[in-house]
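Below: the structure, in C-alpha cells.
The values are calculated or read from the model by the stated rules, or taken from the named source; none is laboratory data. Nothing here was measured: the structure is a model prediction, and the numbers come from that model. Ideal geometry is used to build each Cβ from the backbone, glycine not excepted, and the neighbour counts take in all protein chains shown.
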Amino acid sequence: MAIDQVELGKRLKQAREACAMTQDQVAQEMEMARATVAQVELGNRSVSGLELSRFSYLYARDIREFLSDEFSPDSLIAVLLRADDGAGDGVQQALRDCVALGHQLRDLETSLGMSRTTASVPWYPSVTLGSKWDAIQSGTLAAQDERRRLGLGTSALGDVPSILEAQGIRTGLIPMPAGISGLMISHPDAGLFVVVNREHPAVRQRFSWCHEYAHLLLDRAQKGHVSKESERASFVEVRANVFAACFLMPEDGVRHFVAGLGKGSASRLHADVFDESGVVPIDSRTAGGSQDLQLYDVVKLAHHFGVSLLSALYRLLNLRLLTENQFEEMKRMDQEGLGQEIAGVLGLPQPSASENITEFYRRYLVLALEAYRRDKISRRKLFEIANQLGVTTAEIERVIRRLGLDRDEPADALLPSGF
C-alpha cells in the first residue's frame, strides 16, 4: 500500500520513541526546530528524500522500512542501547555508523545477487555462568570446539576477518570511543555482523575480532552486544576474552612453539622403564635456567600468533609456562619498550592497523565498483562510498575512466534503487 504523509509521520515518531530520544534531541541532530519535528510526526509537514535519509541514519533504520507495507517499532540501535543509560554520544554515533554500514554492504551484495548463507555458523547452547571460573571454562571449551569445527588445528590464525567472512558473517571497521573495542549484531535486518574499533592498534583489532566472534557464537540471543572496557569484569566479557586468547593461541600450539625453542620442559625428568624382568629408573636434569623463557622468546611467540606481547605473556602465565615473577619482570621490560626494541633487532615487522583498514576498504570498494559497472548504483553513490573510504572523487573518476566504465551520467544522478 502507498504510505501517506500521516502514516510516515507516525512511523517516524515510533522510531524516535524506540530509540528513547526526545523531540528536542532529534531537532538538534536534524538541525531543525522542535516544532518542525512535531509537525512531521503529526503528518502536517512533508518530508524530503534527504530528510528521510537523515532520519533513517539517526534512528539506525533502513530508509525502506519507513516506506514498506509493514513497519515494526523495534529498533536495532534500541536493542543495543536498552537499559544502558550511561551510553554516551560517541557510542550511539558508532552504532549508527555500524548499522548504516551494514545496510550499505547488504544492499550492495543484494544488488549483485550475492547471498550470505550463515547456516554454518553455530549457536552454542546457553550456559549459566555462576562464576568467573564458569566463564573461563565455557570460553576455553568453545574456542577448542571452534578450532576443531573449522579445521584450524593448532596453527596460528591467518586473516581473522576472512575466517568470519567465509562463514557469511559481515565484518567492518568503524571509529569508536576509546573504551569500546567492538560490537556484535545478530538481527534479521542486518544479519550477522561483527565490527571492531578502527582507532585501535592492529593486534588489539585482531583480538577484538575473536572477542566479538565469541559473543556471536555464545550470546546471539541478545541480538546485539557492545564490548566496553568498563564491563570487562562481567562474566560474558571474561568468557569472550578467554575465547579470544584460546582461539588465537591454542594451548597445544603454544606448547609446541615453546618446545621448538628447546624450552618449556621440567628441569628434572624421571621415568621408570619397565620390562618383564623389572624396572630401570632413568633420571635426567637440564642445566639450571636453560628451560626458562626469555623476553626474546615471547616476542617471537607473540609475532607468530599475531598478538600483543602482553597477550602472549598472560597466555604463558595461565599455561604455567611462566612464573608470576617472570611474568612481572617481562611485563616491566615491555613497558620500558624493550619488547619493541627486540622485535626491531629480530627484524619482525610491527603490525599496522592501516593494513586491516586497507583490506576491509578494498573489499567494500570492489563491491561498489562492480555494482556501478552493472548499473546497480549511480556514479554519485560510487563517489560517496569512495569518499567514505578516503578515496577522492578525482581518483575514483580516473579509475572508472581508465577501466572504460565512465558513462554520460550527471554526477548527482540517482538510479531507481535509491542508491
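Matching residues to (1) closer than 21 Å to residue 73 by Cβ; (2) without any contact (Cβ under 8 Å) to a residue 60 or more places away in the chain; (3) among the β-branched types (Val, Ile, Thr); (4) not in a loop (DSSP other than H, G, I, E, B):
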{"site": "21", "(1), (2), (3), (4)": "yes, yes, no, no"}
{"site": "25", "(1), (2), (3), (4)": "yes, yes, no, yes"}
{"site": "35", "(1), (2), (3), (4)": "no, yes, no, yes"}
{"site": "41", "(1), (2), (3), (4)": "yes, yes, no, yes"}
{"site": "46", "(1), (2), (3), (4)": "no, yes, no, no"}
{"site": "51", "(1), (2), (3), (4)": "yes, yes, no, yes"}
{"site": "54", "(1), (2), (3), (4)": "yes, yes, no, yes"}
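Take the residues in segment 57-86 that are hydroxyl-bearing (Ser, Thr, Tyr) and over 23 Å from the mean Cα position of the chain (by Cα), then tell me which one is modelled with the lowest pLDDT. Step by step, filter segment 57-86, then rank; the result is 72.
The residues of segment 214-228 that are over 13 Å from residue 193 (Cβ atoms), in a helix (DSSP H, G or I) and over 12 Å from the mean Cα position of the chain (by Cα), listed by number, are 217, 218, 221, 222. Set side by side, the residues 396, 385 differ, and just one is crowded, with 18+ Cβ neighbours inside 10 Å, more than 27 Å from the chain's Cα centre (by Cα) and outside the structural domain of residue 164 (by TED's automatic domain parsing), which is 396.
The set of residues in segment 158-183 being surrounded by 21 or more Cβ atoms within 10 Å (Cβ to Cβ) and charged (D, E, K, R) consists of 170 alone. Return yes when residue 260 is small (Gly, Ala, Ser) and modelled with pLDDT under 90 and no when it is not. So residue 260 does not fit the description; no.
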